[in-house]
Amino acid sequence: MNGFEATRAWADAQDAADPLRRFRDEFHIPPHNGHETLYFCGNSLGLQPRGVRAAIEAELQDWSELAVEAHFRGRSPWMHYHEYVRDAMAEVVGAKPHEVVAMNTLGVNLHLMMVSFYRPTRERPAILMEAGAFPTDRYALESQVRFHGFDPATDLIEMQADGPGGTLSMDAIEAAIAEHGHRVALILLPGIQYRTGQVFDLNRIVECGHEKGCLVGFDLAHAAGNLPLTLHATGADFAVWCTYKYLNAGPGAVAGAFVHERHAHADVPRFAGWWGHDKSTRFQMGPQFVPTPGADGWQLSNPPILALAPLRASLDVFSRAGMPRLVEKSRRLTAYLDWLIRSRLDDVLDIVTPNDPAQRGAQLSVRVRAGRDAGRALFTYLESNGVIGDWREPDVIRLSPTPLYNRFADCLGAVDAIDAWRASHA
Ligand SMILES: *Cc1c(COP(=O)(O)O)cnc(C)c1O
């Protein structure tokens, strides 16, 4: 038995005994009518770490006092600024430091990675992806297929959901790779499906894809800072992620990219820029591009210091908390919310996200059994009562208790609010 209890006393006792509880104090919790919001939206925009303001102000101050000299003489010399986030970012996604780089935004990185790792030929023109993917992923993939002169109708292969709640089974993925693999140049899948919250088996996908000669890339938007990732060990060719969701680096924050070390020195086509040029000769300003080895070689521009400062502050929190401890708490916290919903709201909500802890992260996606209109009504009710989740068309409410700042009491509070909504609509 899980030992869970649906009482405030029990939830408060869990929070008091939580070894990570002090991390909540490092975040700004948005207020609601004089109380703290119950914030379940870290899957969409993580809360602001308190350290962010000082991190930005330090750079503003160096800019005002040192101007161009801050590239060399700042407290954190700007010349090397992207390197300051590298180790912590690598730690979070389970990569070697030279395999990761913070640059651009997710969509941009996805395109830059495809320039190098989607090299379609007449015999092998296709991309294999999931149906119902996050729209930007489909737009990016489809536009790449067209860009190379191929036809998305035949060369963008979308695997249809075959499991409960619109999930996609590993069996279906294996079957699709077996059937289409010989003409697939690239397999692109998420770490976590944004609507259902389902986790994919990255190791198995890479194994199956490579066996058939396909390259494999992942979009880890919902996985980075949420799942225990071992990106290097999966053998994936590349991955991209944003940092404003579970990684709490702020709206539109600088994104991440991973290039497996087997490609570190590869002579692959790429779109080049001076910040990707060999570091030791970058400032000789020569006309020939010589890529710096590793993921850094895909950078285009000098890094946006004011946008990287929040990521640096946020990753500092992750370094101190540590992914293993965060994952352990996350599993219990989400299991508690799951248990509360199943035991108290079974007639109201259907949980779409797989029940198996290995197949989900923090997020639970729920549907209101009474249908879409009732779902919208519940979502609006929760919002106006200070319980913040998010709505995903056509009918899903996502609730994501995150281990850095959510409490067991928050989960109970959310379920109490849904209970109150049911009572008021009975
Ligand atoms: C959040 C998210 C995005 C957002 O892309 P941006 O380039 O950061 O706007 C893309 N893909 C997935 C799967 C996401 O979850």
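Under a 5 Å amide H cut-off, with hydrogens placed 1.01 Å from N, residue 360 pairs with 199 among residues at least 5 apart or on other chains. Going by the alpha-carbon gyration tensor, a ≥ b ≥ c the square roots of its eigenvalues, is the chain rounded (a/c under 1.5) or, if a/c is not under 1.5, prolate (a/b greater than b/c) versus oblate? It is oblate, given that a/c is not under 1.5 and a/b is not larger than b/c. Once the chain from residue 342 to residue 153 is taken as fully extended at 0.36 nm per residue, the excess over their C-alpha distance is 63.9 nm.
Between residue 187 and 128, 215, 216, 217, the built amide H atoms are under 5 Å apart, and every one of these is 5 or more places off in sequence or on another chain.
Based on DSSP H segments of at least four residues, each scored -39500 (n - 2.57), the chain has a per-residue ellipticity at 222 nm of -11500 deg cm²/dmol.
Cross-link partners of residue 212 among aspartates and glutamates, defined as those whose alpha carbon lies under 19 angstrom from its own and excluding same-chain residues fewer than eight positions apart: 123, 130, 155, 158, 171, 174, 179, 201, 237. Measure nothing fancy, just the Cα-based angle from helix 408-425's long axis to the longest principal axis of the chain, in degrees from 0 to 90, nearest 10. Between the helix axis and the principal axis of the chain, the angle is about 60 degrees.
Of all the options 181, 132, 163, the one that moves most in a Gaussian network model of the chain with Cα springs shorter than 10 angstrom is 163. Remark on residue 390: its backbone amide H falls under 5 Å from those of 398, a criterion applied only to residues 5 or more positions apart or on other chains, H modelled at 1.01 Å from N.
Taking the Cα centre of segment 143-298 as the origin, how large is its charge dipole in debye, to the nearest 20, when only Lys and Arg (+1) and Asp and Glu (-1) carry charge on their Cβ atoms?
On the way: 10 positive and 16 negative charges, 117 e Å.
With only Lys, Arg, Asp and Glu charged at Cβ, the dipole is about 560 debye.
The 3J(HN,Hα) values that the Karplus relation (6.51, -1.76, 1.60; θ = phi - 60°) gives for segment 66-76 are, in residue order, 10, 6, 4, 5, 5, 4, 10, 10, x, 4, 10 Hz. Gly and Pro appear as x. For residue 425 and residue 284, the FRET efficiency from 1/(1 + (r/R0)^6), where r spans their Cβ atoms and R0 equals 60 Å, is about 0.30.
Projected label points at residue 87 and residue 119, each 7 Å from Cα along the beta carbon direction, are separated by 3.4 nanometres.
For the chain, the longest principal axis of the alpha carbon atoms and the long axis of helix 8-17 meet at an angle near 40°.
Between residue 8 and residue 369, the modelled label-to-label distance comes to 2.8 nm, taking each label 7 Å out from Cα in the direction of the beta carbon. In this calculation the C-beta distance from residue 80 to residue 392 is compared with R0 = 51 Å, giving a FRET efficiency of 0.85.
Converting phi to 3J(HN,Hα) with the Karplus coefficients 6.51, -1.76 and 1.60 and the offset θ = phi - 60°, segment 284-291 yields 7, 6, x, x, 8, 7, 10, x Hz in sequence order, with x at every glycine or proline. Of the residues 355, 310, 89, the one whose Cα sits farthest toward the positive end of the charge dipole of the chain, with +1 on the Cβ of Lys and Arg and -1 on the Cβ of Asp and Glu, is 310.
Relative to the longest principal axis of the Cα atoms of the chain, the long axis of helix 106-117 makes an angle of roughly 40 degrees.
Computed from label points 7 Å out along Cα-Cβ, the spacing between residue 266 and residue 131 is 3.1 nm. Which of rounded, prolate or oblate describes segment 236-284 when judged by the alpha-carbon gyration tensor and an a/c cut-off of 1.5? Verdict is oblate for segment 236-284.
Our note on the geometry: Cα centres of segment 232-279 and segment 108-162, 18 Å apart. Backbone geometry of segment 243-260 corresponds, through the Karplus equation with coefficients 6.51, -1.76 and 1.60 at θ = phi - 60°, to 3J(HN,Hα) couplings of 10, 9, 8, 5, 7, 6, 8, x, x, x, 4, 5, 8, x, 9, 10, 10, 4 Hz, x marking Gly and Pro. Under 16 Å from a point placed 7 Å out from the Cα of residue 68 along the Cα-to-Cβ direction: which residues of segment 266-288 have their backbone N that close? Backbone N within reach: 283-285.
Each value in this text was obtained by applying a stated rule to the coordinates, not by laboratory testing. If you're wondering where the values come from, they're calculated on a predicted model, not measured in any experiment. Note that we place each Cβ from the backbone using ideal geometry, even for glycine, and neighbour counts take in every protein chain shown.
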